[in-house]
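First the structure, in the form of structure tokens, and then the observations on it.
Since every read-out is calculated from the coordinates, none of them should be taken as a lab result. If you're wondering where the values come from, they're calculated on a predicted model, not measured in any experiment. With ideal geometry, Cβ positions are generated from the backbone for all residues, glycine too; neighbour counts draw on all protein chains shown.
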Amino acid sequence: MEKEIIKTGKLPQIDFESKATYQSEVIELPISLPDVNITPPNNDQYQLNLNVNQLIYDGGHTNAALEEKTASLKTQQKQVEVNLYQLKERVNQLYFSILLLQEKKALLLAKKNELASTLKEVNAGVKFGALLPNSESVLEAELLKVDQQFIELDKDKFSYIKSLSQLIGENISSEITLDNPEISLDFNTEINRPELDLFKLKKSQIKASEKLISKKNSPKLLGFATGGYGNPGLNMLDNSFQAYYLAGIKLKWNVFDWNSNKKQLKSLQVNKEIIDTEQEVFELNTSIELTKHESEIIKISEIIESDKEIISLRKKILKTSASQLKNGVITASAYITELTNLYEAENNLKAHYTQLLYSKANYNTTKGTKN
């Protein structure tokens, strides 16, 4: 739309004007001629004019204005893209938070099933006098605690899904089950962020602005025509209402602007230097962030291997504890402690695995690589 407005500068400009004036003095001949009666114009005068101006040549100013506007629109569009891209990290955070809650719920369900199965065996042991009745109460209380944790997980997931829905502008069902994404990494590729394109477009816009300023004082050649009706007309000695017209060409050239253009060009050069500095800072910060993510990925990968060993040992311990509980060697509380230890170890593994995926996703987002 703005480009179309600029283009109208090449179209004929038509305006209408009217005026009525009263003059304290009018033209009078200082001499009198015999047999010639010249009536001076009236003090009150009237004019109705229709003016048409057509640009013939403007030294490329209009074309430069179109180029500058095109560069400006491209910059604005890219800025919108950059703003949207910066929401990706928030989307990653919400997505993997929901994913982690799903993993926790699955582990909690396994824990609940294990407790329910053990409770049945304990009930039988209590019935036949092999175990103390208190064992049943301990397990039932732990099952109630598990149910409370289910409520907490469901509420948190609902909250995260609602936030994610608002962020991406799509309605997501609270019953949705998210999948673990397959994320590949390439530590050797270059940064491909939209911000880099934005810096280039800003520089292009400055270049277009410089060209526009250089054309600002170019000479302009215009054709014009005026048709009118007034008293007096073009003949000032004819004191009556007359129709008239005139046509011609005119040249306009601002030969001195008090160094206004020079100052504007200097200001643009300062802006260009600022953009160069911003780009350098952005690239440096991005490189630092990538190094941070890479270190995090390596660290979590090593922790995951350790988690697997811990879980293997915890399963052996729990198996022994379950046997001891059935035989009345340990209390239900001691068994629950070992079951909780295994649950927490498995939780840590799932949390670290999700954290690894999250770090990989953030690495690709920071670099500008599609996941």
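In a simple Cβ point-charge model (Lys, Arg +1; Asp, Glu -1; nothing else charged), the stretch 87-179 has a dipole of about 100 debye relative to its Cα centre. Cross-link reach is defined here as a Cα-Cα straight distance under 19 Å, omitting same-chain residues fewer than 8 places apart; for LYS326 the lysines meeting it are LYS111, LYS112, LYS120, LYS127, LYS315, LYS316. For the pair ASN348 and ILE311, label points projected 7 Å from Cα toward Cβ lie 1.3 nm apart. Most tightly packed first, judged by the mean number of other beta-carbon atoms within 10 Å of their residues, the peptides 309-319, 252-262 read 309-319, 252-262.
In order along the stretch 13-21, the Karplus-derived 3J(HN,Hα) couplings, from 6.51 cos²θ - 1.76 cosθ + 1.60 at θ = phi - 60°, round to 9, 10, 9, 10, 9, 9, 7, 10, 10 Hz, and Gly and Pro are given as x. Among the listed pairs LYS74/LYS292; LYS157/LYS299; LYS200/LYS266; LYS3/LYS207, those with a Cα-Cα distance over 23 Å are LYS74/LYS292; LYS157/LYS299. Separation of the stretch 288-307 and the stretch 227-271, taken as the distance between their Cα centroids, equals 71 angstrom. Across the stretch 268-275, rounded Karplus estimates of 3J(HN,Hα) from the backbone phi angles (6.51 cos²θ - 1.76 cosθ + 1.60, θ = phi - 60°) give 5, 5, 5, 4, 5, 5, 5, 4 Hz, Gly and Pro being marked x. The Rg/Rh ratio of the stretch 87-179, with both radii computed over alpha carbons and Rh defined as the Kirkwood radius, is 1.22.
Summarising the label geometry, the points placed 7 Å from Cα in the beta-carbon direction at LEU109 and GLU280 lie 5.6 nm from one another.
The percentage of C-alpha pairs in the chain whose separation is greater than 26 Å is 74%. Students often forget the sequence filter, so: which lysines lie under 26 Å Cα-Cα from LYS250 once same-chain residues fewer than 8 apart are removed? List returned: LYS7, LYS10, LYS19, LYS211, LYS215, LYS216, LYS220.
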